[in-house]
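Written below as structure tokens is the structure these notes are about.
The values are calculated or read from the model by the stated rules, or taken from the named source; none is laboratory data. Keep in mind the model is a prediction, meaning the values are calculated, not measured. We place every Cβ from the backbone using ideal geometry, glycine too, and count neighbours over all the protein chains shown. For the accessible areas, the whole protein counts, side chains as well, though only heavy atoms, and no ligand, DNA or RNA atoms are used. Shrake-Rupley method; radii C 1.70, N 1.55, O 1.52, S 1.80 Å.
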Amino acid sequence: MTSSTSPVVRTRFAPSPTGFLHLGGARTALYSWAFARHHQGSFVLRIEDTDLERSTPEAVQAILDGMQWLGLDHDEGPHYQMQRMDRYREVIQQLLEQGDAYYCYSSPEEIDAMRERARSLGLKPRYDGTWRPEPGKTLPAIPEGRQPVVRFRNPLHGATSWNDMVKGPISISNSELDDLIIARPDGTPTYNFCVVVDDWDMGITHVIRGDDHVNNTPRQINILQALGATLPQYGHVPMILGPDGEKLSKRHGAVSIMEYDVAGYLPDAMVNYLARLGWSHGDDEIFSREQLIQWFDGSHLSRSAAQWDPKKLNWVNAQYIKNSDDGDLAKRVAPRISERGGNPDAVDLDAVMALLKPRAETLNELADGAMLFCGPWAPAPQELQDEVLTDDARALLADFLDSARALPEWSTPALAALIKEVLSRHGVKMPKLGIPLRVAVTGQRQTPAIDAVLAILGRERVIERLQAL
Ligand code: GLU
């Protein structure tokens, strides 16, 4: 809980718009969102679009769509880095003026040579500090016509440490770090630098992101320190692996969050599954958004990589479907029935959902199942009719038809009672009537409970189809 003395929590999701919103990104966004909501803080959306070649407006839209589908609402933004170039230049200037950054005129060939030299001495390839100003050091003459880069003057000694919310204490020796280029020869700022200025300006208190950024963190911390900024807390979430233990990729099926919408997953189920993938609250597997927010305090984030498990996702989705309101499911499934060429208004779709939801894993399965009621009527193939609709079976059906016509109330219990009555009249067991009824009225041998199916189809259709035999 936020107390009046603790600073307001501000988290951010900072995707690079170079493709769809993938599962790893969606989970990072979810964690940042849930943490902000837990602390009644703010969740900021920032689009890191400085890679002009790879960033597209379509990808920005895909990110916004994906977040909206998951219900991850942001309080601020989207901020676009491309709109903040003046600000980055200003801070570069500030660092130059305060002596924490310097112009470096080494050519790419010279840098290559430095690296080669270091390598041949068995050292880590790095910039050798030729242009780094030091007290009493004379810098080389500025080569004519060469545009310099700007480098950050990284501390040479000591270590940069932080207590990672996920990984615990991490310490990197500064001797491992180069003097990072923060502006290119044309003056444009580089990636790590923009992130630093943004996190600072946007007052981010907690940076939750993928652990592919662990290596960037000490560099970012050193720049933040040079700027006199308060450091955010960092939490680096391990990546998501495919079921085979390899990095999750297209090979493992869908990786864009919106493909799960198409495939019939409920956003709440997806949020539940993604939350649990790398975080836990005791043994709880199914929890509401409210519970997630209540519990998501930054603890119990897993240090080891999570494994994508399509079976478990299906199980989670099935639980959500089972617990969904019939009317809500009907609304979500209706367009999928239309896509399949069915008419969602043909029957009471709420009743169809109630019938099918205990056994469906996806909305698409519900739509497939609903086609029994909403699809065009297709009598059973002749072969199946010949096999099932024997003379004995027809006699039973004829009896059923007579009583069905006169049934005072057309409902599942009334039809169940009628079926029982016909069975006992003829001294036969359920399959003897159940299978011919299914084949005659639905064209299929297997359907959900036949009394419920008949109730939903309605008296008119049932009688019409039985009469047509
Ligand atoms: N834009 C980076 C990415 O999409 C994230 C940067 C960050 O979270 O600091 O991987």
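In the set 395, 354, 417, which member is assigned to a helix (DSSP H, G or I), among the hydrophobic types (A, V, I, L, M, F, W, C), open to solvent by 40 Å² or more (accessible area, probe 1.4 Å) and farther than 20 Å from residue 449 by Cα? Write out each step before concluding.
On the way: 354 fails: farther than 20 Å from residue 449 by Cα; 417 fails: farther than 20 Å from residue 449 by Cα.
Every option except 395 fails the conditions.
For segment 420-453, what are the residues that are among the small types (Gly, Ala, Ser), closer than 29 Å to residue 383 by Cβ and assigned to a helix (DSSP H, G or I)?
Residues satisfying the conditions are 434, 440, 452.
Every residue in segment 248-263 that is modelled with pLDDT of 95 or more and either assigned to a loop (DSSP other than H, G, I, E, B) or more than 19 Å from residue 65 (Cβ to Cβ) (or both), please.
Across segment 248-263, the qualifying residue is only 263.
Take the residues in segment 238-267 that are closer than 12 Å to residue 23 by Cβ and aliphatic (A, V, I, L, M), then tell me which one is nearest to the ligand (Cβ to nearest atom).
Initial filter on segment 238-267 (closer than 12 Å to residue 23 by Cβ): 239-242, 247-250, 252-260, 265.
Then keep just the ones that are aliphatic (A, V, I, L, M); that gives 239-241, 248, 254-255, 257-258.
Numbers: 239: 11, 240: 14, 241: 17, 248: 15, 254: 19, 255: 14, 257: 14, 258: 17 Å.
Restricting to residues being closer than 12 Å to residue 23 by Cβ and aliphatic (A, V, I, L, M), the top hit is 239.
Do you know which residues across segment 3-22 are hydrophobic (A, V, I, L, M, F, W, C), crowded, with 19+ Cβ neighbours inside 10 Å and either modelled with pLDDT under 95 or more than 14 Å from the ligand (Cβ to nearest atom) (or both)?
Initially, segment 3-22 is screened for residues hydrophobic (A, V, I, L, M, F, W, C), giving 8-9, 13-14, 20-21.
Subset that is crowded, with 19+ Cβ neighbours inside 10 Å: 9, 13-14, 20-21.
Matches in segment 3-22: 9, 20, 21.
So, of the residues in segment 211-233 that are closer than 12 Å to residue 172 by Cβ and either touching a residue at least 60 places away in the same chain (Cβ under 8 Å) or open to solvent by 10 Å² or more (accessible area, probe 1.4 Å) (or both), which turns out to be farthest from the ligand (Cβ to nearest atom)?
Checked segment 211-233; the qualifying residue farthest from the ligand (Cβ to nearest atom) is 222.
Filter segment 23-57 down to residues that are in contact with a His (Cβ under 9 Å, 6 or more places away or on another chain) and either in a loop (DSSP other than H, G, I, E, B) or open to solvent by 30 Å² or more (accessible area, probe 1.4 Å) (or both) and give me whichever is farthest from the ligand (Cβ to nearest atom).
Checked segment 23-57; the qualifying residue farthest from the ligand (Cβ to nearest atom) is 39.
Condition first: in a helix (DSSP H, G or I) and either modelled with pLDDT under 95 or touching a helix residue (DSSP H, G or I) at 6+ places or on another chain (Cβ under 7 Å) (or both). Now tell me which residues in segment 398-414 satisfy that. Don't jump to the end; show me each part of the working.
Just the residues of segment 398-414 that are in a helix (DSSP H, G or I), to begin with: 398-406, 412-414.
Hits for segment 398-414 are 399, 400, 401, 403, 404, 405, 406, 412.
Does segment 57-65 contain at least one residue that is among the small types (Gly, Ala, Ser) and under 30 Å from residue 34 (Cα atoms)?
First, pick out the residues of segment 57-65 that are among the small types (Gly, Ala, Ser): 59, 62.
Applying the additional criterion that residues be under 30 Å from residue 34 (Cα atoms) yields 59, 62.
Checking segment 57-65: at least one residue is among the small types (Gly, Ala, Ser) and under 30 Å from residue 34 (Cα atoms).
Yes/no per residue for (1) touching a residue at least 12 places away in the same chain (Cβ under 8 Å); (2) loosely packed, with under 14 Cβ neighbours inside 10 Å:
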position: 266; (1), (2): yes, no
position: 282; (1), (2): no, yes
position: 287; (1), (2): yes, no
position: 290; (1), (2): no, yes
position: 295; (1), (2): yes, no
position: 298; (1), (2): yes, no
position: 304; (1), (2): yes, yes
position: 309; (1), (2): yes, no
position: 312; (1), (2): yes, no
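Could you please give the count of residues in segment 224-244 that are farther than 28 Å from residue 11 by Cα and either polar (S, T, N, Q) or in contact with a strand residue (DSSP E or B) (Cβ under 7 Å, 6 or more places away or on another chain) (or both)? Show your work before the answer.
Initially, segment 224-244 is screened for residues farther than 28 Å from residue 11 by Cα, giving 243-244.
Adding the requirement that they be either polar (S, T, N, Q) or in contact with a strand residue (DSSP E or B) (Cβ under 7 Å, 6 or more places away or on another chain) (or both) leaves 243.
Number satisfying all stated conditions: 1.
Any chance segment 362-370 includes a residue that's at pLDDT below 95, among the hydrophobic types (A, V, I, L, M, F, W, C) and assigned to a helix (DSSP H, G or I)? Before the answer, list the steps.
Just the residues of segment 362-370 that are at pLDDT below 95, to begin with: none.
Checking segment 362-370: not a single residue is at pLDDT below 95, among the hydrophobic types (A, V, I, L, M, F, W, C) and assigned to a helix (DSSP H, G or I).
Tally the residues that are surrounded by fewer than 16 Cβ atoms within 10 Å (Cβ to Cβ) and either of a type in the set (Ser, Thr, Tyr) or closer than 18 Å to residue 453 by Cα (or both), restricting the search to segment 328-347.
Of the residues in segment 328-347, the ones surrounded by fewer than 16 Cβ atoms within 10 Å (Cβ to Cβ) are 328, 331, 335, 338-341, 343, 345.
Filter once more, so that each one left must be either of a type in the set (Ser, Thr, Tyr) or closer than 18 Å to residue 453 by Cα (or both): 338, 343, 345.
Counting residues in segment 328-347 that are surrounded by fewer than 16 Cβ atoms within 10 Å (Cβ to Cβ) and either of a type in the set (Ser, Thr, Tyr) or closer than 18 Å to residue 453 by Cα (or both) gives 3.
In segment 116-127, which residues are open to solvent by 70 Å² or more (accessible area, probe 1.4 Å) and in contact with an Asp or Glu (Cβ under 9 Å, 6 or more places away or on another chain)?
Result: 117, 124, 126.
For segment 420-441, name all the residues that are of a type outside the set (A, V, I, L, M, F, W, C) and open to solvent by 10 Å² or more (accessible area, probe 1.4 Å).
Pass one, segment 420-441, residues of a type outside the set (A, V, I, L, M, F, W, C): 420-421, 424-427, 429, 431-432, 434, 436, 438.
Within segment 420-441, 420, 421, 424, 425, 426, 427, 429, 431, 432, 438 meet the criteria.
Residues 106, 161: which one is of a type in the set (Gly, Ala, Ser), within 42 Å of the chain's Cα centre (by Cα) and either surrounded by 12 or more Cβ atoms within 10 Å (Cβ to Cβ) or closer than 30 Å to residue 36 by Cβ (or both)?
On the way: 106 fails: within 42 Å of the chain's Cα centre (by Cα).
Just a single option satisfies the conditions, and that option is 161.
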